[in-house]
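A short worksheet on the structure shown next.
The values are calculated or read from the model by the stated rules, or taken from the named source; none is laboratory data. Quick caveat: nothing in here was measured; it's all calculated off a predicted structure. Quick reminder, even Gly has a Cβ in these numbers, built from the backbone with ideal geometry, and neighbours come from all protein chains shown. Calculation scope for accessible area: heavy atoms of the full protein, side chains included, ligands and nucleic acids excluded. Shrake-Rupley method; radii C 1.70, N 1.55, O 1.52, S 1.80 Å.
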Amino acid sequence: MRVLLVGGGSREHAIGSVLHRAEAKLLVASKNANPGLEKLATASRRLDPTDAVGISNWAKAERADYAVIGPEAALSAGVADALEGVQVPCAGPTKAAAQVETSKRFCRELLQRNGITETPRFVFAQSQSQVDDAVKGFSTPFVVKPAGLTAGKGVWVQGVDFETAEDGAKYAKQFLTGAGGVVFEEKVEGEEFSQMAFVTDSGVYPMPAVQDYKRAGEGDTGANTGGMGSYSQRDHLLPFLPNSAREKAVDILRRSVAALRREGLRYRGVLYGGFMQTAVGPTLLEFNARFGDPEGINAMTLYEDGDMDELLFGVATGRVDPNLVQFRLRSTVVKYLVPPGYPGSPKAGGQLQVDEPAIEALGVHVYFGSVDTAGPGRMTLSTSRSIALAGEASAIWEAGERVESALAHVKGDYQVRHDIATKSDLSKRWEHMRKLIAPQAKSSPLPLSVAAADAPASSLGDASQVIG
Ligand code: GLY
């Protein structure tokens with residue numbers, strides 16, 4: 001089929017690669033000429049992802065059978081609505097349904113109205129006095145979230161990004177104009193994870209759980225970013241996430257989609273739940289209305305040699321064959337190479353030399369992001385995330401080591417988090433959760449499914465058991 005893919009980052013390169021493998025004809029609408037997508041595309045055009053008219057006109061002219069939308073900015077600009085207007089069905093929700101991501105107020109109120117209570121306590125503020133009242137109402141640490149889109153970079157956490165309630169109030173006040181207000185949320189303790197699912201009229205089809213590394217610096221220090229890397233575990237759970245908790249998270253996604261339907265909003269696309277696994281189970285922190293970046297790269301890396309073209313067409317048109325939703329029982333690690341100074345003051349214009357065949361020979365995939373081609377194997381960095389390297393293996397840490405060895409084949413000036421998914425990092429997360437559940441417990445080694453390279457393919461049995 002002819003599929004319009006909106007977006008030119010590493011996530012879209014990963015989606016495009018799986019679609020290309022399924023023999024889809026790719027029509028790429030993106031701001032940058034992504035070197036990876038340029039190679040795969042039947043046609044491509046430089047279009048801003050928010051240019052709903054330009055994108056829908058081009059989709060019509062190219063006779064696209066359906067469309068897949070990567071970035072949230074396109075959803076927020078109503079690109080899915082414009083495409084539906086020219087009879088191109090879209091794997092990506094309408095502007096109204098995408099409010100689950102684009103308006104934190106809409107999302108919280110939807111959940112509240114529909115009795116979905118597995119969320120932290122929150123207060124919405126739109127004026128200086130409401131901000132002052134809101135912070136007075138928290139006797140424990142809180143989190144400040146701009147109500148609108150901030151590419152994951154606007155969230156400030158007490159004890160990490162600011163200390164006193166007054167500092168939190170001062171930070172919040174800058175979002176009273178323009179960003180549509182601010183949400184204050186009680187801070188919950190635990191390990192964050194992302195649970196994505198394909199959603200269409202016929203149901204909710206979960207993908208493997210993933211953990212994302214949001215902070216720029218090693219040891220989860222520094223500023224929030226769009227995501228510096230991520231990992232998934234071969235049984236589609238996570239070291240700190242038992243099957244019961246993942247099922248609970250998927251159930252929250254299902255109930256939320258049902259709530260949208262009850263309120264007259266059809267949702268066709270990917271729904272991403274950002275959860276905190278606490279001592280008593282998962283709490284929903286936020287929704288995204290699209291594949292996560294980098295989490296979508298983990299999912300695409302694991303997608304079976306099935307037909308992603310048919311799967312995403314099914315999402316766009318309302319009916320998915322569940323047999324198409326199959327992910328391999330392998331662990332994955334994704335690490336982003338970003339420009340020096342990212343995210344606060346990224347230095348654009350530097351060059352990277354990437355020996356792609358040498359990296360692929362290690363079993364690691366290269367997904368190009370915010371870069372421009374500067375000759376064979378050379379690329380110029382922009383201000384955003386440059387290249388994602390995705391490794392897979394039996395154990396998580398092994399997949400991470402593969403990515404680390406691939407770095408020898410990238411020359412140039414970049415930042416990367418070497419600590420992502422190392423044995424010691426995974427142990428720290430596992431211990432963190434164990435101590436939350438049982439503070440007096442002695443430390444214990446990582447579970448078999450995380451540590452052993454030669455363990456059985458899955459600790460849970462076959463894929464159908466895991467995927468449900
Ligand atoms: N990795 C977080 C996001 O996609 O927003």
At q = 0.11, 0.12, 0.18, 0.19 Å⁻¹, what base-10 log of I(q)/I(0) does the Debye formula yield for the stretch 329-390 when every alpha carbon is treated as an equal point scatterer in vacuo?
-0.26, -0.31, -0.64, -0.70
Cα→Cβ-extended label distance, 7 Å offset, between V160 and V53, nm:
4.2
Which percent of Cα-Cα pairs in the chain sits in each 20 Å bin, short to long?
25, 61, 14, 0
Between M1 and R63, the two model label points (7 Å from Cα along the beta-carbon direction) sit apart by a distance in nm of 1.6
Considering only C-alpha atoms, what is the centroid distance from the stretch 141-186 to the stretch 37-63, in Å?
36
For D413, D293, give me the order by solvent-accessible area with a 1.4 Å probe, most accessible first, ignoring ligands, DNA and RNA.
D413, D293
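Rank-order 306-317, 225-236, 369-380 by packing density, defined as the average count of other C-beta atoms within 10 Å over each peptide's residues, highest first. Don't skip to the answer; put the middle values down first.
Values: 306-317: 22.3, 225-236: 26.7, 369-380: 17.5.
Per-residue mean Cβ counts within 10 Å order the peptides as 225-236, 306-317, 369-380.
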So how strong a dipole does the stretch 84-133 carry about its Cα centre when Lys and Arg Cβ are +1 and Asp and Glu Cβ are -1, to the nearest 20 debye?
60
Could you work out what % of the accessible surface of the stretch 126-215 is carbon and sulfur, using a 1.4 angstrom probe and leaving DNA, RNA and ligands out of the count?
49
Name the residues of the stretch 54-78 whose amide N is less than 17 Å from a point 7 angstrom out from the Cα of V86 along the C-beta direction?
54-70, 74-75, 77-78
Which value, in Å³ per residue, describes the convex hull spanned by the Cα atoms of the stretch 46-185?
128
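Ranked highest first by average number of other Cβ atoms within 10 Å, how do 204-210, 350-356, 397-403 line up?
Working: 204-210: 25.0, 350-356: 17.4, 397-403: 22.6.
Highest-to-lowest ranking by the protection proxy: 204-210, 397-403, 350-356.
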D251 to A441: extension gain in nm, 0.36 nm per residue of separation minus the Cα-Cα distance?
65.4 nm
Stokes-Einstein diffusion coefficient for the stretch 221-362 at 20 °C in a medium of 1.002 mPa s, Rh from the Kirkwood formula over Cα pairs: what value in µm²/s?
120
Close lysine pairs (the stretch 36-191; alpha-carbon distance under 27 Å; 8 or more apart or on separate chains) counted at 26
About the Cα centre, and with charges only on the beta carbon of Lys, Arg (+1) and Asp, Glu (-1), how big is the dipole of the stretch 1-134? Nearest 20 debye, please.
300
Does the stretch 1-115 come out rounded, prolate or oblate by the C-alpha gyration tensor, with a ≥ b ≥ c the root eigenvalues, rounded set by a/c under 1.5 and, if not, prolate when a/b is larger than b/c and oblate if not?
prolate
Can you list the aspartates and glutamates whose alpha carbon is less than 19 Å from that of K428, not counting same-chain residues fewer than 8 positions off?
E189, E191, E192, D212, E218, D220, E398, E401, D419
